[in-house]
1. Name the single residue that is modelled with the lowest pLDDT among those in segment 101-144 being within 27 Å of I80 (Cβ to Cβ) and among the small types (G, A, S).
2. What helices (runs of 4 or more DSSP H) lie completely within segment 1-100 and have 2 or more residues being under 18 Å from I141 (Cβ atoms)?
3. Is one or more of the residues making up segment 192-199 at pLDDT 80 or above and touching a Lys or Arg at 6+ places or on another chain (Cβ under 9 Å)?
4. For segment 1-14, what are the residues that are closer than 29 Å to L93 by Cα and in contact with a Leu (Cβ under 9 Å, 6 or more places away or on another chain)?
5. If you take the residues in segment 41-97 that are surrounded by fewer than 17 Cβ atoms within 10 Å (Cβ to Cβ) and polar (S, T, N, Q), which one is nearest to E216 (Cα to Cα)?
6. Examine segment 158-176 for a residue that is farther than 17 Å from V58 by Cβ and crowded, with 17+ Cβ neighbours inside 10 Å, and state whether such a residue exists.
7. Consider Y154 carefully, then state whether it is touching a residue at least 24 places away in the same chain (Cβ under 8 Å), surrounded by fewer than 22 Cβ atoms within 10 Å (Cβ to Cβ) and of a type in the set (F, W, Y).
8. Which residues, taken from segment 124-170, are under 20 Å from E216 (Cα atoms) and outside any helix (DSSP H, G or I)?
Amino acid sequence: MSYVEWFLRALVLVPVTLLPIINPLSTAPVFVATVGSNRSVARRLARQVAINSWFVLVVSMLVGTYVLAFFGVSLPVVRIGGGLLVAATAWRLLHHTDDDDVHAVAAEKATTLSDAEIVQRSFFPITFPLTTGPGTIAASIALGAQIPPEPRLYVVGVLVAVCGAAIVSLVLYLIFGNSAKVMARLGRIGTLVMVRLMAFILLCIGIQIMWTGWAELNGLG
């Protein structure tokens, strides 16, 4: 396989893996509640959340495996734990009728925030844990662990991480920046159907991550 072909395949894998886990449409209602109808603040906050998310994803993919090695945690165990967390999150989304506690707190406090405070909250809770939560970080570490150690392929892998995270961040910026329009176009029923569909896909991804980790631990890979 040529470097270009490997790069393109790995590049597509990053957003395909991470976007269903991030599920930005589930966070869009909180984003709308935070910024209201202020388009200027919405774009500023969306841009900052996208930048924050890019840093979290790139650091997780490139440094996460070394952090695990420092603490003596194997990647298969992380995959099982991360897959379990992802599956649990999906199960909660499938069966939980009320808003998540973090979502509720963010929406409740939105009306009392100034523009400066809204920007300060770009990392918590919107970037973490609503956008790039533990499940996303675990999946990013798993993606980063697939980067080959061979020098040339490692450089290509770093480019994949940087560019793949940039694609994810761009999608987040577009969705959050236009979240009011997206929510209005989908409507309440459309949003509910979309969230449930993404939750089911997320559940399947979580089970697949757990299966991969279990197979590696038992030498079935």
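1. Taking the candidates together, the pick is G135.
2. Values: elements: 3-22, 24-35, 39-71, 75-95.
Where helices (runs of 4 or more DSSP H) fall fully within segment 1-100 and carry at least 2 residues being under 18 Å from I141 (Cβ atoms), they are 3-22, 39-71, 75-95.
3. Checking segment 192-199: not a single residue is at pLDDT 80 or above and touching a Lys or Arg at 6+ places or on another chain (Cβ under 9 Å).
4. Initial filter on segment 1-14 (closer than 29 Å to L93 by Cα): 10-14.
Scanning segment 1-14 gives A10, L11, L13, V14.
5. Step by step, filter segment 41-97, then rank; the result is S74.
6. Taking segment 158-176 first, the residues farther than 17 Å from V58 by Cβ are 174-176.
Those still in the list that are crowded, with 17+ Cβ neighbours inside 10 Å too: 175-176.
The answer is yes; a qualifying residue exists.
7. Numbers: touching a residue at least 24 places away in the same chain (Cβ under 8 Å): no; surrounded by fewer than 22 Cβ atoms within 10 Å (Cβ to Cβ): yes; of a type in the set (F, W, Y): yes.
No; evaluated as a whole, the condition is false for this residue.
8. Result: A145, Q146, I147, P148, P149.
The values are calculated or read from the model by the stated rules, or taken from the named source; none is laboratory data. Keep in mind that this is a model prediction, so the values were computed, not measured. Ideal geometry is used to build each Cβ from the backbone, glycine not excepted, and the neighbour counts take in all protein chains shown.
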